[in-house]
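For reference, the structure is listed below as structure tokens.
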Amino acid sequence: MVRAWFINEEDLDEDRLERENAKLQFIDPETLTKTTGVVVQAFGTDMDGANKSVDSVKNERGYSYEDCLEIMPDADNLEKLMQKFATEHLHDEEETRFVLDGSTYFDVRSKDDTWIRVEVTKGDLIIVPPGLYHRLTLTKPKLIKLRRLFLVKPSWTSFNRPDADNLDCRRDQDDGDPTSTSRNIYIPSIMEVSKKKNRWHFKLSYFLVN
Ligand SMILES: [Fe+2]
């Protein structure tokens, strides 16, 4: 089940969340999409069915690449990873994640620059639009397994705040309609063709269409 609520800048204490659950100002998924452009969907915990639903989303949105990220509580580099994820940043491509196991918080900026915390758990999908500042915090017990979906093979590029303020994708986010489904379109172009063991291989480059 996806939950979202407003938080203060310093509101990162999970125990406080448990103590003050009743006081949280929750936002429904439709309002979340209207105010931030973030799309969330709960596909349930029957993972066969849920993964098939994600496959449909993958086809609909034209994702051509995916991988799996798994972080365990005893990971050697856990602190370093958490620090990296918790840094406020954005991407020039949408960030799409499906939770296979565990849970995590995506904090996303609202129109008035306050934080909205989006909790995603097993079976939930989240799409963060390009140009929207966000950060990720692992919930206890620091376990997460995600399908990560990309339009093209990922460059893993993230832009931290405030360096990203002048990027085109950021201006799009500020000026555009947050419910718009428009996004960067990449057109593949064949750069090299070769034949190995009777099979053709194509090396592709992708060009951004404005
Ligand atoms: Fe990100």
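Bear in mind these aren't lab numbers, they're just calculated from the coordinates by the rules spelled out. Just so we're clear, the structure is a prediction, and the values are computed from it rather than from any experiment. Don't worry about glycine lacking a Cβ; one is built from the backbone with ideal geometry, like all the others, and counts go over all protein chains shown.
Here are the numbers for this structure:
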quantity	calculated
Fewest-first sequence of E119, E60, E95 by Cβ atoms within 10 Å of each Cβ	E60, E119, E95
Exposure proxy ranking, count of Cβ atoms within 10 Å, fewest first, for F106, F85, F6	F6, F85, F106
Sorted by Cβ density within 10 Å, fewest first, the residues L167, L132	L167, L132
